[in-house]
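Notes follow once the structure below has been shown.
The values are calculated or read from the model by the stated rules, or taken from the named source; none is laboratory data. Treat the numbers as computed from the prediction; the structure is a model and nothing was measured. Heads up, the Cβs are rebuilt from the backbone with ideal geometry, glycines too, and the neighbour counts pull from every protein chain shown.
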Amino acid sequence: MCPLYPFHLVLLYLCLLLPLLLAVVEGSEELFANWKVSFLPRKLDKVTEGDDKLVRLLCEGCANPATGLIPPGLTLALMTDDPRVATAEHQHMIREEGEEEDGDGDGDDGREILLSVDDLRRNSSASINGSSWTVPFRVRANFLGFAKIRSEVRDAGGKEVASTPQVLSVTAVRRKTLESKLFAYSVATLISLAYINMGCALDLKVRGRGEKYIRKHSMSFPVILNIWSKVHRREK
């Protein structure tokens, strides 16, 4: 009689089930092996505060290779490293990180948003063509600075199965307001007066000649400003 009786029967069944378990794990890894996720465009430059830009998330080969169907229960996560600078937005997002059940956040809303792939398909928010699908979303610039956005595809259990190899870089620039223009003009005026005062304070006649010289050259300032604005528009 076996000294492990009756526990040897349990060990025997475990040894028989171990190859089956390994086969299931290996099959699940091969299911998502060829999934490729990317952004289009890959970079957003000079997004003005308060404005948003359209970005598309592309997923190629994102289907079961055996059946050609998209597995159910998939979740798309869009994450930003600094939500104070830029955030990802979508009208059908199901949850934000830090959001409570009553809808009140803890001040960290926007760092991560979750999208249900099944809901996107039902709402026609995703363009699906076989194993390739496209999800459009918007990136909003909140404040001056730099931010990086990345994406993950998660299965029904919340495990990451695919992600973007490269992040989406966002550069937010300050919106030009009347206050900023007045500040720039006032600083330029003060610097000009200080320059005249330091150069001509000891002799009023020399100061008068210096002011005439400044007035003559200031007549060309509007022309230079107009040329600079046209060149700046062409660069944009």
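Does R207 fit the bill of being basic (K, R), over 18 Å from W35 (Cα atoms), at pLDDT below 80 and not assigned by TED's automatic domain parsing to the domain that holds P72?
yes
So which residues in segment 39-66 are touching a residue at least 40 places away in the same chain (Cβ under 8 Å) and among the small types (G, A, S), if there are any at all?
G50, G61, A63
Does L76 qualify as being modelled with pLDDT of 85 or more and surrounded by 15 or more Cβ atoms within 10 Å (Cβ to Cβ)?
It is true that L76 is modelled with pLDDT of 85 or more and surrounded by 15 or more Cβ atoms within 10 Å (Cβ to Cβ).
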